[in-house]
Amino acid sequence: MRTFSWIRRLFFLFLLGALLATAALMALLYHRFSLPATGVQVPIYWGSGVNGVAQALARQHLIPSPLCFRLLWVLEGRPVLQAGLYRFQGQISLREIFRVLEAGHSEPLYLTIVPGVTIAQIVQRVERAPYLDTRNFPAPGQLARALGQPAASYANAEGWLLPQSYAYVPGEPALLVLQRAMATMNIQLQELWRHRAAGLPLRTPYQALILASIVQKEGAPLQQQQKIAAVFVNRLRLGMPLQSDPTVIYALGKGYHPPLKPKDLQVRSPYNTYLHRGLPPTPIAMPSLQALQAVLHPAKSQDLFFIAKGEEYHYSRQYAQHQQQINQYLQ
C-alpha cells in the first residue's frame, strides 16, 4: 500500500508539472507584449534556417531566447519560416510572430530597372540596394557570362534586363535578381518577335533589341515611339546611317559633356551611327516593352527625318524639308 501511495504521489506530481509546463507554454505563446512606438524591424535573411531566424529575433528582444524559440518551432509543427524584412508594431504575441513569419507578411523590397538605364547604372543601383547580397557579384564585363545569356557571342549584358520592379528578400544574391530580369526580357522578346510586322529589315530578335534601345534613348513619349521607329526602319531599308545622337553619347561614355558638339560626331566607335551604317554592335540601354513593340510594329510612313522641340515632334521625307523644320523650330 505504501508503494502504491508513492506511485500515486509521483503521478500527481508529474501531472501537476505537465499542467504547469503547459500553462507556461500557453502563456508564452499567447501572452501579448508591447513593442516600442516606432516598432521593431527584423531582416530574416535568404537561406536562414530556424537557428538564423531565432538569432535575428533574439537580437531584437522579440523572444526570450533562441533555444525557447526552437522548442516552440518544434511544438508548432516545424513550419517553414519565410525570409523577408518584417516590422512588428503595437502589441504582439509569440504565436502571432510565428504566423507572420510563416505567412511571409514582410515589407516589400524592390530592385527597380527603369527604361533607358545602362548596365553600368544598374550595377550602381544593385550596389546601393538595401539588404541585397552583392558578394561575389561579377564585374560589368563578366556579367553577361554570369547571367547565362542566350548566346555567347553577345558582347555584354546591355539591353537584356527588362525594365520593371523585381522583388527580393534580405540576403538574396543580386545575380539571381538580375537573372530573373534577363529571363523575363528573353520571354517577352521572343513572344513579341513571333508577332512582328512583316517585311522588317531586322534579321534576329537581338537586332530588334538593339533598335528598341535606340528608340528608348531618343527619349520620346510613348505616342511618338512608333513614328521614330519608322524613321529608323526606313533608313535601315535604304542603307542610310541611323544618325542617332544617343549612340554617339554611348560611344563617348564618360567623355561626354553636354551638349553634343559637332566634333563629338566624329568619335571613332562602332556605336557612332553617324560614321557607320546599320545597327551598333549591341543595345545602348534597357528598352521598355513599349519601345520593343514600336520597333516590331512601326508606324506606316516613309519619313526619314525627325526633330524634337520639347514635346513637339516633326517628321519629314526629304532633307530639304528637314532643314526647313530645323530653321523654323530649332533656330
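Since every read-out is calculated from the coordinates, none of them should be taken as a lab result. This is a predicted model, so every value here is computed, not measured. Counting neighbours? That spans all protein chains shown, and the Cβs are built from the backbone with ideal geometry, glycine included.
Kindly provide log₁₀ I(q)/I(0) values, in the same order as q = 0.14, 0.18, 0.19, 0.28 Å⁻¹, from the Debye equation applied to equal alpha-carbon scatterers of segment 66-127.
-0.58, -0.72, -0.76, -1.21
In a shell of Cβ-Cβ distance under 10 Å around Gln41, excluding Gln41 itself, what net charge do Lys and Arg (+1) and Asp and Glu (-1) give?
On the way: positive: Arg87; negative: Glu107.
Once positives and negatives cancel, what remains is 0.
Given H placed on each backbone N at 1.01 Å, which residues far from Gly278 in sequence or on other chains put an amide H within less than 5 Å of it?
Amide H neighbours of Gly278, under 5 Å, 5+ apart: Leu242.
If you average the C-alpha positions of segment 70-111 and of segment 292-331 separately, how far apart do those two centres end up, in angstrom?
Taking the Cα centre of segment 292-331 as reference, the centre of segment 70-111 is 57 Å away.
Treat the count of other C-beta atoms within 10 Å as a stand-in for reagent exposure and order Glu127, Glu102 from fewest to most.
Values: Glu127 11, Glu102 14.
Ordered by Cβ neighbours within 10 Å, fewest first: Glu127, Glu102.
For percent of Cα pairs over 27 Å apart, one of [x] 47; [y] 64; [z] 60 was computed from the structure I shared and the rest are decoys. Which label?
[z]
Please sort through the DSSP H helices of the chain and keep those with an alpha-carbon extent of at least 30 Å along the long axis and a Kyte-Doolittle average not below 1.0. It would help to have the intermediate numbers written out before the result.
On the way: long enough: 2-30 (42 Å, 1.47); 174-194 (31 Å, 0.42).
Helices passing the filter in the chain: 2-30.
Against the globular-protein guess of 2.2 N^0.38 Å, express the Cα radius of gyration of segment 200-331 as a ratio, rounded to two decimals. Before the final figure, lay out the partial values.
Values: Rg = 14.0 Å, N = 132, 2.2 N^0.38 = 14.1 Å.
Rounded to two decimals, the normalised Rg is 1.00.
What is the fewest-to-most order of His322, His61 by other Cβ atoms lying within 10 Å of their Cβ? Please report the intermediate quantities before stating the final value.
Details: His322 18, His61 11.
Listing His322, His61 from fewest to most nearby Cβ atoms yields His61, His322.
Once you list every other residue whose beta carbon is under 15 Å from the beta carbon of Tyr329, what net charge do they have if Lys and Arg are +1 and Asp and Glu are -1? If you can, show how the numbers build up before the last one.
Numbers: positive: Lys309; negative: Glu311, Glu312.
With Lys, Arg at +1 and Asp, Glu at -1, the neighbours total -1.
What stretch of the chain, leaving out the sites themselves, is the longest with no trypsin sites (Lys or Arg not before Pro) in a DSSP loop having at most 15 other Cβ atoms within 10 Å?
Working: sites that count: Arg135, Arg203, Arg268, Arg277, Lys300, Arg317.
That gives 1-134 as the longest site-free run.
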